[in-house]
């Protein structure tokens, strides 16, 4: 059964990126190839990202090209949630959308063809999927760095037992991965 997953990395103090959307703090901490990413991405059929994440991809297309061989490293269809017009990255299978995530989620799941839907970022977009009752899993890689401020991991108040820890895995000396299942509210009487 496919899942809607928020797979991301965060600093020890809970920030995805600095105030100016830099991820430079993250890259020295671990290698993608030594992480769960290769197995994770193999099970992803569609992507959702916010405009700040997409704009980071635009700004860093040259570095992504150097690292992966292509400016857009995803083969899956992607939906970028934005209220602004943004340029298309050459070769990217992207749909620009605005509005509530629940109005677009069914189309995304259909295009994922039985595979998982990855909420690439940011934290507020993942929170919108959570608010709509559509988020199934959080996979958070916590880096051994603090930023003191920046873009929050998940700008929502979520109190137990909504998140149930499924596993903890050490990734080298700089990262730990925590996997949480999002428990859906049960109808009253159950």
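Each reported figure results from applying straightforward, stated rules to the coordinates on display, with no laboratory input. Bear in mind the structure is a predicted one, so any value in this text is a computation, not a measurement. Cβ coordinates were reconstructed from backbone atoms using ideal geometry, including for glycine residues, and neighbour counts include every protein chain displayed.
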> When the chain is fully extended, how far beyond the present Cα-Cα distance does residue 24 get from residue 96, taking 0.36 nm per residue of separation?
Replying inline: 23.3 nm
>> Using a 10 Å cut-off around each Cβ, can you sort 67, 90 from fewest to most neighbouring Cβ atoms?
In response: 90, 67
>> Among 62, 43, 177, which one shows the highest mean-square fluctuation when the chain is modelled as a Gaussian network with alpha-carbon springs under 10 Å?
In response: 62
> Quick one: if you take sqrt(5λ) for each eigenvalue of the C-alpha gyration tensor of region 59-190, what semi-axes come out, biggest first, whole angstrom?
Replying inline: 27, 23, 15
>> Using Cα-Cα distances under 8 Å and only pairs 6 or more residues apart, what relative contact order does the chain have, in percent?
In response: 34 percent
> For residue 40 and residue 83, what is the calculated FRET efficiency with R₀ set at 30 Å and r taken between the beta-carbons, to the nearest 0.05?
Replying inline: 0.55
>> What distance in nm lies between label points placed 7 Å from Cα along the C-beta direction at residue 165 and residue 132?
In response: 3.0 nm
> Fewest to most neighbouring Cβ within 10 Å: what's the order for 1, 57?
Replying inline: 1, 57
> What full-extension length gain, to one decimal in nm, is calculated for residue 65 and residue 33 as 0.36 nm per residue of separation minus the Cα-Cα distance?
Replying inline: 9.9 nm
> Which residue, 159, 178, 125, has the most motion in a Gaussian network model of the chain that connects Cα atoms within less than 10 Å?
Replying inline: 159
>> I want to check the label-to-label distance for residue 145 and residue 104. Put each point 7 Å from Cα in the C-beta direction and report it in nm to one decimal.
In response: 2.8 nm
